[in-house]
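Student: Have a look at the structure that comes next, please.
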Amino acid sequence: MPIEVASKRRKVKRPDAVVVDVTSRGPEPWVRFSPFFPHGRIPVPLSPGVTSESVEGLWQALKVFEGADVDPSKLAVTSMKGLKRTVRRFGPVQGHRAGLAGERLLDYRTARQEIYLPAYRWVLEHCLRAEVERLHELAGSADVVLLDYTTNGDVEDLSTPLSHAALIVDHLGRLTAPAS
């Protein structure tokens, strides 16, 4: 059965489908798919020995602005609140640091590929096995719609934030793909 991503901001007209809210405002256990969820001990890419409570925490910690460098305190946030670092407060984003102590700044595309994707994949594979299996089982018997605030599943489309729900769909597709 197909799994699709829909915007949480719009009314989903799919009475035939199981609708699952995977945002930070979703119910248990689905809220655990949110990048804001504090799973703990998530390895920070390009930072050997450093871990984060959440994927969003490490993404925000490594963000560099015109007026502010990395912020390691974001790695320890467990409340799912107070994680965002904004251009309004710190000025234009310069990139993401290639590790907490890295000298290189990564552009947005490269940061997605080298920081966000590996961190979120790690969470799917190490923290969410049971939940991934539940989604896999649901999709075996019904259409499934995952709700997210954004629906962009194209890593190369930098015009809008990447949908973690789309990453879940991709991950589930890899589980069902025949071995080559």
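Student: Can you list residues from other chains, or at least 5 along the same chain, whose modelled amide H is less than 5 Å from the amide H of residue 4?
Tutor: For residue 4, whose amide H was placed from the backbone, the distant partners under 5 Å are 144, 145, 146.
Student: Let me ask something else about it. Residue 94: net charge of surrounding residues, Cβ under 10 Å, Lys/Arg +1, Asp/Glu -1, itself excluded? All intermediate terms of the calculation are to be shown ahead of the outcome.
Tutor: Numbers: positive: 63, 97; negative: 66, 69, 107.
Summing Lys and Arg as +1 and Asp and Glu as -1 gives -1.
Student: Right, here's the next one. Please give the charge dipole size of the chain, origin at the Cα centre, charges +1 on K and R Cβ atoms and -1 on D and E Cβ atoms. Round to the nearest 20 debye.
Tutor: So the dipole magnitude of the chain works out to roughly 580 debye.
Student: Now for a separate question. With the cut-off at 30 Å, tell me which of the pairs 13/84; 11/63; 8/74; 13/63; 11/74 have Cα atoms farther apart than that.
Tutor: Details: 13/84 32 Å; 11/63 33 Å; 8/74 26 Å; 13/63 37 Å; 11/74 33 Å.
Over 30 Å Cα-Cα: 13/84; 11/63; 13/63; 11/74.
Student: What do you get for the angle between helix 129-141 and the principal long axis of the chain? Use alpha-carbon atoms, 0 to 90 degrees, nearest ten.
Tutor: For 129-141 against the chain, the angle is about 30 degrees.
Student: Follow-up question, since we're still on this one. Amide H of residue 52: which non-local residues (sequence gap of 5 or more, or other chain) have their own amide H closer than 5 Å, using H built in the peptide plane?
Tutor: Result for residue 52 returns 41, 42, 44.
Student: Count the net charge of all other residues whose Cβ sits under 14 Å from the Cβ of residue 115, scoring Lys and Arg as +1 and Asp and Glu as -1.
Tutor: Every neighbour counted, the sum reads +4.
Student: If you take the charge dipole of segment 1-117 about its Cα centre, with +1 on Lys and Arg Cβ and -1 on Asp and Glu Cβ, which of 72, 7, 50 is farthest toward its positive end?
Tutor: Of the options given, the answer is 7.
Student: Next up: Report the full-extension gain for the segment residue 154 to residue 14: residue separation times 0.36 nm, less the Cα-Cα distance, to one decimal in nm. Present the calculation step by step, with values, prior to reporting the outcome.
Tutor: On the way: separation 140, 0.36 × 140 = 50.40 nm, distance 2.35 nm.
My answer for the length gained is 48.0 nm.
Student: A further question on this structure: Can you give the charge dipole size of segment 69-117 about its Cα centre, rounded to the nearest 20 debye, using +1 on the beta carbon of Lys and Arg and -1 on the beta carbon of Asp and Glu? Could you put the intermediate results ahead of the total?
Tutor: Numbers: 10 positive and 5 negative charges, 63 e Å.
Computed about the Cα centre, the dipole is about 300 debye.
Here, each number is a calculation from the coordinates, and none is a lab measurement. Every value quoted in this text rests on a predicted model; they were computed, and no experiment measured them. Cβ sites come from the backbone with ideal geometry, for glycine too, and all protein chains shown count toward neighbours.
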